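Beneath this line is the structure, given in structure tokens, with notes to follow.
The values are calculated or read from the model by the stated rules, or taken from the named source; none is laboratory data. The model shown is predicted, which means the values in this text are computed figures rather than measured ones. Here the Cβ positions follow ideal geometry from the backbone for every residue, glycine too, while neighbour counts run over all protein chains shown. Calculation scope for accessible area: heavy atoms of the full protein, side chains included, ligands and nucleic acids excluded. Shrake-Rupley method; radii C 1.70, N 1.55, O 1.52, S 1.80 Å.
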Amino acid sequence: MTTFATAITASFERAPWGWALAGSVILAIIKGWPAIVDASLRAKMALGDRRVSRIEKLEKKIDDQRVSYEAEIGVLRASYEAEISILRHELNNVTQAFEALLTRIEIKPEAAAEHAERIREMRARQQTDSTAEKATIRAAKIIAAVPNAAASPAEEGGE
């Protein structure tokens, strides 16, 4: 006999229960293998489901932020357009006053001081109107910045 066969025979003679135990373990692994694979698969699926759930929450949060930022950008865009409109209006007023002064001086140069005074009065009226427009825009910005500023007290108090 070979040494391997001798070793197996000797181990069987010394501890026959060892071979029975080893056979039982191997049999349990073979019979339990489908359950082990199933548990592993369920664990992987649960992990995948948690990831999908987390991704969906993040996507929703991103969409909410996008909507919020788009609304904020819309408010800012409207505000800037209003400011640009006022600046254009002011530039047109100044250009018109300058051209009116030049035209009056060309027509009647000896009354230049009188013409300048009329133009100053016209510019003062224009600046008053411009100040009112700017105040309106500032008030609109403040109202837009405060979420519930436009809500009436009855709406806030509830019923």
Report the percentage of all Cα-Cα pairs in segment 1-132 whose separation exceeds 25 Å, rounded to a whole percent. 71 percent
In debye to the nearest 20, the charge dipole size for segment 30-159, taken about the Cα centre with +1 at each Lys and Arg Cβ and -1 at each Asp and Glu Cβ, equals 980 debye
Roll a 1.4 Å probe over the protein chains and send me the accessible area per residue for segment 36-156 in Å². 82 Å²
Cross-link reach from Lys61 to aspartates and glutamates, straight Cα distance under 16 Å and at least 8 residues apart if same chain, gives Glu70
Under 25 Å from Lys60, Cα to Cα: lysines that are on another chain or at least 8 residues apart: Lys44
Just the number, please: carbon plus sulfur as a percent of the accessible area of the chain, 1.4 Å probe, no ligands or DNA/RNA counted. 64 percent
Report, in degrees rounded to the nearest 10, the 0 to 90 angle that the Cα long axis of helix 3-14 makes with the longest principal axis of the chain. 80 degrees
Roughly how many nanometres apart are two label points built 7 Å out from the Cα toward the Cβ at Ala20 and Arg88? 10.0 nm
Degrees separating the helix 112-145 axis from the principal Cα axis of the chain, which is the longest one: 20 degrees
So how tilted is helix 16-107 from the main axis of the chain? Cα-based, degrees 0 to 90, rounded to 10. 10 degrees
Positive end of the dipole of segment 34-142, charges at C-beta (+1 Lys, Arg; -1 Asp, Glu), about the Cα centre: which of Ala139, Leu87, Ser40 has its Cα farthest in that direction? Ser40
Once you order the gyration tensor axes a ≥ b ≥ c over the Cα atoms, which shape class does segment 43-112 get: rounded for a/c under 1.5, otherwise prolate or oblate by comparing a/b with b/c? prolate
Taking the Cα centre of segment 1-63 as the origin, how large is its charge dipole in debye, to the nearest 20, when only Lys and Arg (+1) and Asp and Glu (-1) carry charge on their Cβ atoms? 360 debye
Put one equal scatterer on each alpha carbon of segment 94-146, apply the Debye formula with no solvent term, and list log10 I(q)/I(0) at q = 0.21, 0.30 1/Å to two decimals. -0.73, -1.05
Estimated FRET transfer efficiency (Thr136, Arg66; beta-carbon r; R0 30 Å; 0.05): 0.50
